[in-house]
1. Restricting things to Cα coordinates, could you compute the convex hull volume per residue of the range 1-131 in Å³?
2. Among the lysines, which fall within straight-line cross-link reach of LYS175, defined as a Cα-Cα distance under 28 Å, with same-chain neighbours fewer than 8 residues apart omitted?
3. How far, in degrees from 0 to 90, does helix 59-80 lean away from the longest principal axis of the Cα atoms of the chain, to the nearest 10?
4. To the nearest 10 degrees, how steep is helix 138-151 against the longest Cα principal axis of the chain, on a 0 to 90 scale?
5. Excluding LEU105 itself, what net charge comes from residues whose Cβ is under 9 Å from its Cβ, given Lys and Arg +1 and Asp and Glu -1?
6. Once neighbouring chains are kept in place and the probe is 1.4 Å, which whole percent of the accessible area of the chain is contributed by carbon and sulfur?
7. At GLU44 and THR129, where each label point lies 7 Å from the Cα along Cα→Cβ, what is the point-to-point distance in nanometres?
8. Suppose all protein chains stay in the model; what accessible area per residue would a 1.4 Å probe give for the chain, in Å²?
Amino acid sequence: MSRIGKQPITVPAKVQITLDGTKIAVKGPKGELSRELSSNVSVEQDGDTLWVKRQDDSRLSRQMHGLSRTLVANMVQGVSKGFERRLEIQGVGYRAQVQGRNLVLNIGYSHQVQIEPPQGIQFAVEANTKVVVSGYDKEIVGNTAAKIRAVRPPEPYKGKGIRYANEVVRRKAGKAGKGGKK
């Protein structure tokens, strides 16, 4: 039995769950999410607890059991608390700011890079070098943070670029130089 799949999902009081066959819809104070789950698993509601059950012991059912439980748990957490990813910008003159809903990055290019947030995503900038991407869909929050990081990933020589908070960038030694004159 999947260790993750057999754990119950506790539903907060302000979250509403709608089950319709393999489709699940979750509505809460932060937003509304719905997802079509695999036909190999089913979701059962027992008061304020959700259980993800698999239909049989086939390989595909076992694979989908833990995945489906995690997806449903992320939906419940997203509409009740939300998710956020933090990014740090390092480099002389590198900075970020929010203009309207868009994130504007000055990161060493000849132009400013503007990033428009997808539906349900908000940007916040702290101290010009810390960017917070927040929203209620974990997948979209992670993808948006990855797109921001991809604009200028951290380079290994000076460490300049955009990195996740607490990300460790392995540094390389620069050129060794010539051995000396003869």
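The values are calculated or read from the model by the stated rules, or taken from the named source; none is laboratory data. Everything numeric in this text was worked out from a predicted model, so none of it was measured. Reconstructed Cβ throughout: ideal geometry from the backbone, glycine too, with neighbour counts over all protein chains shown. Accessible surface is based on the protein model in full, side chains and every heavy atom, while ligands, DNA and RNA are left aside. Shrake-Rupley method; radii C 1.70, N 1.55, O 1.52, S 1.80 Å.
1. Numbers: hull volume 19.7 nm³, N = 131.
It comes to 150 Å³ per residue, whole-number rounded.
2. The reachable lysines, counting only those whose Cα sits under 28 Å from LYS175, are LYS158, LYS160.
3. For helix 59-80, the angle is close to 80 degrees.
4. The angle comes out near 10 degrees.
5. The answer is +2.
6. Values: 5330 of 11470 Å².
Carbon and sulfur: 46 percent of the exposed surface of the chain.
7. Label at GLU44, label at THR129, 5.4 nm between them.
8. Working: 11470 Å² over 182 residues.
I get 63 Å² per residue for the chain.
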